[in-house]
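In what follows, a structure is listed as structure tokens, so that the remarks can point back to it.
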Amino acid sequence: MKKLVILGAGTGGTLIANKLRKKLPSAQWQITIVDKEPDHVYQPGFLFIPFGIYESRQVVKPRKKFIPAGVQYIESVIEKVNPATNIVELANGTQLTYDYLIVATGVDIAPYETPGLAGAEWHKSIFDFYTLEGATRLQTALSNFKEGNLVISIVELPFKCPVAPLEFAFLADSYLRKKGIREKVNIFYTTPLPGAFTKPKATKILGELLEKKGIQLIPDFNIEEVDNSDKKLVSYDGRTVPFDLLTIIPVNMGAEYIGRSGMGDDMNFVPTNKHTLQSVQWENVFVLGDAANIPTSKAGSVVHFAAEILYENFLYAIEGKPLTASFDGHANCFIVTGIGEGTLIDFNYDVEPLPGSFPLPVIGPMKLLKINRLNYLGKMAFKWAYWNLLIKGRHMPISTKMSMSGKETD
Ligand SMILES: Cc1cc2nc3c(=O)[nH]c(=O)nc-3n(C[C@H](O)[C@H](O)[C@H](O)COP(=O)(O)OP(=O)(O)OC[C@H]3O[C@@H](n4cnc5c(N)ncnc54)[C@H](O)[C@@H]3O)c2cc1C
């Protein structure tokens with residue numbers, strides 16, 4: 001009996017467990033999946049909780065519901081992997097041996113990495129929305145917020161869902177307008193980037209949108225410290241931004257056991273071949289999703305496309321064939337630009353987000369880098385697709401490879 005162990009039962013781990021269980025004969029392959037938390041969370045839904053658009057019950061479901069029959073599920077913290085001897089050590093004392101390992105333990109926020117961030121004001125006037133707890137507490141803080149400086153800040157790149165802080169800023173603008181207090185609130189957006197986003201065309205459009213909505217962009221802002229007593233952000237070059245309410249994207253890091261196991265870089269991301277999705281160090285280890293150090297967005301859509309490639313290459317690997325499936329870094333993200341409106345970007349390792357029609361030329365029906373209601377509805381419909389199709393490993397009507405069809409190149 002061959003043994004496959006999957007570490008992490010979030011988006012990627014659950015998806016690949018479902019796909020591989022359907023393919024690998026149970027008499028020949030034992031599949032085990034490990035996660036530390038009993039619940040599966042739909043993380044894109046965290047964005048909407050602070051504004052009362054979603055409640056926590058809409059983004060949380062019992063994890064076991066999505067683990068397929070025939071896959072052994074263990075709930076425990078992963079302590080360490082020994083890739084030289086093919087052993088995983090769990091906090092509950094279990095040792096798992098494997099023939100193949102898939103690492104899918106994602107990334108988590110690490111507020112303690114920034115001086116002062118996890119200090120006295122944490123969860124008082126400083127909140128994240130990358131955890132269910134943070135998003136829920138922020139909902140209360142926002143509903144009590146009447147006036148002053150609302151600051152949205154990114155500490156460092158990379159972080160998961162690179163558009164999420166922009167979406168938060170746009171939603172905050174809509175939310176405060178609806179409450180009739182927008183003119184009493186200054187919204188600031190600080191980023192270490194030179195502009196609103198990473199690639200030129202999207203940066204221009206999203207930067208203009210921030211300006212149109214009266215959200216002040218503060219670029220090249222690298223946070224050195226959060227001053228809790230004066231409630232201000234301090235950058236390395238000495239600039240300060242005072243806040244009454246701070247929404248922050250702390251440093252994102254891979255799981256601690258990756259570091260303990262000597263499998264990661266200084267951020268605990270696992271060095272991974274960006275095309276084959278195999279570990280660069282160990283042939284029997286594959287890496288799926290945010291845990292990998294590949295140069296594309298850390299996003300659920302990327303996990304979905306990467307899983308299709310990893311699935312193919314995994315099947316080649318166990319047959320001793322060359323890994324010929326190649327991941328192109330495809331990412332596809334709806335961006336909410338306010339309550340009821342959104343835009344869409346589609347890109348990969350080589351092609352930046354471009355305007356045009358998606359998925360079909362001319363008729364779309366989605367429009368890339370254009371703001372409309374359909375793109376907002378697409379974002380909201382994704383929750384259903386996530387719970388019912390994506391993590392169950394079912395077919396999603398979107399191509400794994402990015403297509404140039406419909407994209408405007410000049
Ligand atoms: C606010 C927010 C908005 C987002 N919006 C979007 C969006 O609009 N579109 C999009 O495509 N993506 C979005 N994302 C990103 C998307 O949710 C992630 O990229 C995706 O879930 C990553 O999947 P993963 O399998 O790599 O990791 P995860 O889904 O995070 O799963 C990792 C799993 O590993 C487990 N784990 C970690 N360490 C251990 C350990 N030591 N022991 C045991 N288990 C462990 C965790 O409990 C977790 O279940 C958003 C994310 C956030 C936070």
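Out of Val5, Val77, I need the residue that is on the phi < 0 side of the Ramachandran plot, within 22 Å of the chain's Cα centre (by Cα) and either crowded, with 19+ Cβ neighbours inside 10 Å or near the ligand (Cβ under 8 Å from one of its atoms) (or both). Which one?
It is Val77.
With respect to the conditions (1) at pLDDT below 95; (2) over 17 Å from Trp387 (Cα atoms), Arg57 lacks only one, and its number is (2).
Restricting attention to segment 357-365, does a residue exist that is hydrophobic (A, V, I, L, M, F, W, C), in contact with a His (Cβ under 9 Å, 6 or more places away or on another chain) and under 26 Å from Leu277 (Cβ atoms)?
No, the conditions are met nowhere in segment 357-365.
Among the strands (runs of 3 or more DSSP E) confined to segment 27-113, the ones with at least 3 residues that are touching a strand residue (DSSP E or B) at 6+ places or on another chain (Cβ under 7 Å) and either within 30 Å of Tyr376 (Cα to Cα) or in contact (Cβ under 8 Å) with a residue 40 or more places away in the chain (or both) are located at 29-35, 39-41, 60-62, 71-75, 78-82, 100-103, 107-109.
I'm trying to understand the selection: among the residues of segment 13-52, which are closer than 18 Å to Val302 by Cα and of a type in the set (D, E, K, R)? Spell out the reasoning first.
From segment 13-52, those closer than 18 Å to Val302 by Cα are 13-19, 41-45; that's our starting set.
Within segment 13-52, just Lys19 meets the criteria.
Does Lys65 satisfy the criteria of being within 30 Å of Phe168 (Cβ to Cβ), charged (D, E, K, R) and within 15 Å of the ligand (Cβ to nearest atom)? Considered against the rule, which asks whether it is within 30 Å of Phe168 (Cβ to Cβ), charged (D, E, K, R) and within 15 Å of the ligand (Cβ to nearest atom), Lys65 comes out as yes.
When every residue of segment 32-43 is checked against the conditions, none turns out to be surrounded by fewer than 22 Cβ atoms within 10 Å (Cβ to Cβ), among the basic types (Lys, Arg) and more than 9 Å from the ligand (Cβ to nearest atom).
Residues in segment 133-151 that are small (Gly, Ala, Ser) and surrounded by fewer than 16 Cβ atoms within 10 Å (Cβ to Cβ): Ser143, Gly148.
If you go through segment 16-26, how many residues are in a helix (DSSP H, G or I) and more than 19 Å from Gly254 (Cβ to Cβ)? Working first, answer last.
Step one: of segment 16-26, the residues in a helix (DSSP H, G or I) are 16-23.
When the remaining residues are screened for being more than 19 Å from Gly254 (Cβ to Cβ), the result is 17-23.
Total satisfying the criteria: 7.
Can you confirm whether Gly134 is out of contact with any Leu (no Cβ under 8 Å at 6 or more places or on another chain), in a loop (DSSP other than H, G, I, E, B) and either over 30 Å from Ile31 (Cβ atoms) or without any contact (Cβ under 8 Å) to a residue 12 or more places away in the chain (or both)?
Details: out of contact with any Leu (no Cβ under 8 Å at 6 or more places or on another chain): yes; in a loop (DSSP other than H, G, I, E, B): no; either over 30 Å from Ile31 (Cβ atoms) or without any contact (Cβ under 8 Å) to a residue 12 or more places away in the chain (or both): yes.
Considered against the rule, which asks whether it is out of contact with any Leu (no Cβ under 8 Å at 6 or more places or on another chain), in a loop (DSSP other than H, G, I, E, B) and either over 30 Å from Ile31 (Cβ atoms) or without any contact (Cβ under 8 Å) to a residue 12 or more places away in the chain (or both), Gly134 comes out as no.
Does Asn375 satisfy being in the same structural domain as Leu15 (by TED's automatic domain parsing) and among the polar types (S, T, N, Q)?
Values: in the same structural domain as Leu15 (by TED's automatic domain parsing): no; among the polar types (S, T, N, Q): yes.
Here the answer is no, as Asn375 does not meet what is asked.
The values are calculated or read from the model by the stated rules, or taken from the named source; none is laboratory data. In this text the structure is predicted, and so the values were computed from the model without any measurement. Note: ideal-geometry Cβ built from the backbone for every residue, glycine included; neighbour counts use all protein chains shown.
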